[in-house]
Structures are given as C-alpha cells and as structure tokens.
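Nothing in this text is a laboratory measurement; each read-out follows from the coordinates by a stated rule. The shown structure was predicted, so the numbers you read here are calculated from the model rather than taken from an experiment. Methodologically, a virtual Cβ is constructed for each residue, glycine included, from the backbone with ideal geometry; neighbour enumeration extends over all protein chains shown.
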Amino acid sequence: MEKYGKIQGIDKPVSRLVYGCAGIERRKEDPMRLLDAAFAAGCNAFDTARVYGEADRILGEWIASRGIRDKVVILAKGGHPVLAPDEKGGLSVVRRRITREDIRRDVDESLRALQVERLDGFLLHRDDPSVPVGEVSEWMDELVKEGKVGAIGGSNWTARRIFEQQAYAVQHGFARFTLSSPHFSLARREADIFGDRCVTLTGGDAASEREWYRQNPVSVLAYGALSEGFFSGKWHSGDFHRREALMDPMSLAGYGSGENFARLGRTETMAVRRGCTPSQLALRWLFTRGMDLFAAFSSGSPDRIRENWRALDLELPQAEADRLCSE
Ligand SMILES: NC(=O)c1ccc[n+]([C@@H]2O[C@H](COP(=O)([O-])OP(=O)(O)OC[C@H]3O[C@@H](n4cnc5c(N)ncnc54)[C@H](OP(=O)(O)O)[C@@H]3O)[C@@H](O)[C@H]2O)c1
C-alpha cells in the first residue's frame, strides 16, 4: 500500500502511520530516541495536543535539534475541555473550551512550545455541540488566514457536525474541515473511557458514520489505532475468563468483551499463518476499510515502532481483512 497520503491543506506528503506523542515524557525510553526511530522508519507525521503534558515541547525540541521542520508534519490539537474526576469514578466536564479565546490561546501556546510558526494540521480536540458551527468556522478560518494553521478539523466530532461545518464553510467562503480524528480500531471500544462522549467509528452504532467517511472527501486520523494495546500480546484470545486479572481497568472497560476476544483469536490465527504479529495485522486492517485513513499509534519501544511501520508492507486483500471483522 502507499505509505504516504495527502491531506487537503497540508502541502507535504503525510505518512499513513502517525506517531502519537501523548505521554511521551513518561516513557522509560529517551523521547528523542523514540522520535528518531519513528522518523527513521518513515513516519513523518506526529500527533500532539496542548493537553498532552510535555509533548508539544519535546516534539519541538526534537524537530529543532534535528533541523527537519520542512520534512515533518505536525498534527496538533486544542480546545480540550477542563475535566475533573466525578463521584462515579469517571471524568466530568468542568468547563468547555470551544471559544475563540481558548482556541487561539491553545494555538499560540502550541506554536511557542513547538518553536514553529505554523501547525500543519490543527484539530479541535473535542466538540461543544451548543456552539454553532458558523462561529467555530469563523474562528478557525481566521487562524488559517493568519497562516498559523494549515489543515483544520475536529477530533471526537460526529460526522454530522463535520458535515455541517463543511456545508457552512463552503456556503460562506470559510476554510472547511478536511480532517477528522475519531477513535477507530479493529477491537470495538465498548465504553467511553476518556469521558465526554468521545467518538468511535467501531461497533454497529457507528455503521452510518463509517459509511459517511467512505463517501465524503475528509481524511480520517484514527486514534487508538492499536486499541490501546489490546493486540499487544499481553493477553491472548484464550484468556477471556481471566481478563479481569490480566487487563488494566481502562483496557478491561474499553475492550474486554467476548466479541473483542473473538476478534483477537481470528487475528492471532491469521498472524501465525502470515508470519506477522497481531498488532501489525490490526494496524494494516484499518487501511482496508475504504476510507482515506491515517492511523495514530504510540509505542515506547523503538523496535515496536519499526514493527508497526512494517505493517504497511503486508498484503491484506479486503476479503481476507473482512474475515477479521467486516465493520
Ligand atoms: N484525539 C484524541 O482524543 C486521542 C485520544 C487518545 C489518543 N490519541 C492519539 O493517539 C495516539 C495513540 O493512542 P494510544 O497510545 O492511546 O493507543 P494505541 O496506539 O492504540 O496503543 C498503544 C499501546 O499499544 C502498544 N503497542 C504499540 N505497538 C505495539 C506492537 N508492535 N506490539 C505490541 N504492542 C504494541 C503500546 O505498548 P508499548 O508502548 O509498550 O509499545 C501501547 O500499550 C496517542 O499517542 C495520541 O497521540 C488521540
């Protein structure tokens, strides 16, 4: 498969695998080595966000120290709400931040931390459906016209809201969203593990969303592309009855269903037959879903980063991929 694609609004080719920088400062491995490994493998695109701790700063230091700004694609996010733990053990919204001031503040802070003058792509990390798309379009368009951001889009925005933004933007001569970043992976995400109705393209309820992305000109940046490690080999398909002991609470709530263990079983079997790993198949499967897809993954291991990049070399015909899951 083609390892690079085009996102409207970004003038460089963008690697189909995007290295995710969330939590990079907490890795055991030196973050600079991880970024070097991703870039050396072929990954030129990096997913970051204002709320990802030190990610913007570390990515910026790495880009500056390697002198590769013109070769790297920065996909940044802002406008994340303020969340706080609630009494049910989840996270609740304290304050939404889809406002002109908050979005601008995040863009300016990211530009400073990243030591760059322009974010190649900028997405609103969450939506606030009470804010009309017209207002959001106007604020985002200002940032595009000022040259601070290239491609624009939404993460955890429903396809309906992306469609509404595009329609409004076209009608009023504003820049339209060309990039959407929902959760999407071979394992179904069964619960909203990040809170605040994060959007997933997995599962029966998302069938019409998936279809919309197949029919419309918007690139998808799938996050959690490895189902947050569900295919990592830390547990196997035969472990369903021991899952509570093996899985961390977030993986268990998000992915610990019988359906996902069945998918894991089919993936393990095919991986043995194909001489690859379940993680590689899970990544490669995403590119058989008929969308203009880019996939954000993370790993704290240079070897696994390289392994993931090699997934793009696997031949996986649609019919064979459908045997893993036809969603
Ligand atoms: N827009 C949003 O709201 C949003 C939300 C969540 C995440 N994201 C983005 O998506 C990125 C990726 O998400 P994520 O880290 O949550 O999930 P992920 O990439 O689906 O999964 C990461 C997990 O997979 C493991 N892994 C990676 N490669 C592997 C391999 N070849 N073999 C075995 N295990 C492997 C990693 O372990 P090791 O580290 O040990 O390799 C880690 O536990 C984030 O960094 C962030 O940039 C965006």
Cα centroids of the range 305-327 and the range 244-297: how far apart, whole angstrom? 10 Å
Classified through the alpha carbon gyration tensor (a ≥ b ≥ c as square roots of its eigenvalues; rounded if a/c is under 1.5, else prolate when a/b is larger than b/c, else oblate), the range 150-267 comes out prolate
Greater than 23 Å apart at Cα, pairs in 28/148; 77/148; 28/234; 6/28; 88/234: 28/148; 6/28; 88/234
What percent does the relative contact order of the range 246-327 come to when contacts are Cα pairs within less than 8 Å and at least six residues apart? 31 percent
For the range 101-127 and the range 169-184, what is the separation of their Cα centres, given in Å? 17 Å
As a test of the formula, what do you get for the chain when each DSSP H run with n ≥ 4 contributes -39,500 (n - 2.57) and the sum is divided by the residue count, at 222 nm and rounded to the nearest 500 deg cm²/dmol? -11500 deg cm²/dmol
Using θ = phi - 60° and the Karplus form 6.51 cos²θ - 1.76 cosθ + 1.60, what ³J(HN,Hα) does each residue of the range 157-168 get, whole Hz, x for Gly and Pro? 9, 6, 4, 4, 5, 5, 4, 5, 4, 4, 4, 5
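Give, as a single signed number, the net charge of other residues whose beta carbon lies under 13 Å from the beta carbon of residue 237, with Lys and Arg counted +1 and Asp and Glu -1.
Neighbour charge sum, excluding residue 237 itself: +2.
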Using θ = phi - 60° and the Karplus form 6.51 cos²θ - 1.76 cosθ + 1.60, what ³J(HN,Hα) does each residue of the range 79-91 get, whole Hz, x for Gly and Pro? x, 5, x, 7, 10, 9, x, 10, 6, 8, x, x, 10
Label point distance in nm, residue 32-residue 2, each placed 7 Å from Cα along Cα→Cβ: 3.6 nm
HN-Hα J in Hz across the range 255-267 - Karplus 6.51, -1.76, 1.60, θ = phi - 60°, x for Gly and Pro: 10, x, 8, x, 4, 5, 5, 5, 5, 4, x, 5, 5
Where a ≥ b ≥ c are root eigenvalues of the Cα gyration tensor, a/c under 1.5 meaning rounded, otherwise prolate if a/b exceeds b/c and oblate otherwise, the range 43-153 counts as oblate
If amide H atoms are modeled at 1.01 Å from N in the peptide plane, then the residues at a separation of 5 or more from residue 17, or on another chain, having amide H under 5 Å from its own are 295
Between residue 12 and residue 86, how many nm apart are label points set 7 Å from Cα along the C-beta direction? 4.0 nm
Pairs of alpha-carbon atoms within less than 8 angstrom and 6+ residues apart define the contacts here; what relative contact order does the chain have, in percent? 18 percent
Which residues' amide hydrogens lie under 5 Å from the amide hydrogen of residue 181, considering only partners 5 or more residues apart or on another chain, with H built in the peptide plane? 154, 155, 156, 157, 221
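Direction-averaged shadow area of the convex hull around the Cα atoms of the range 4-324, nm²? Walk me through the intermediate numbers first.
Working: hull surface 63.5 nm².
Computed as one quarter of the Cα hull surface, the answer is 15.9 nm².
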Based on the Cβ-Cβ distance from residue 25 to residue 171, what FRET efficiency comes out when R0 is 45 Å, to the nearest 0.05? 0.60
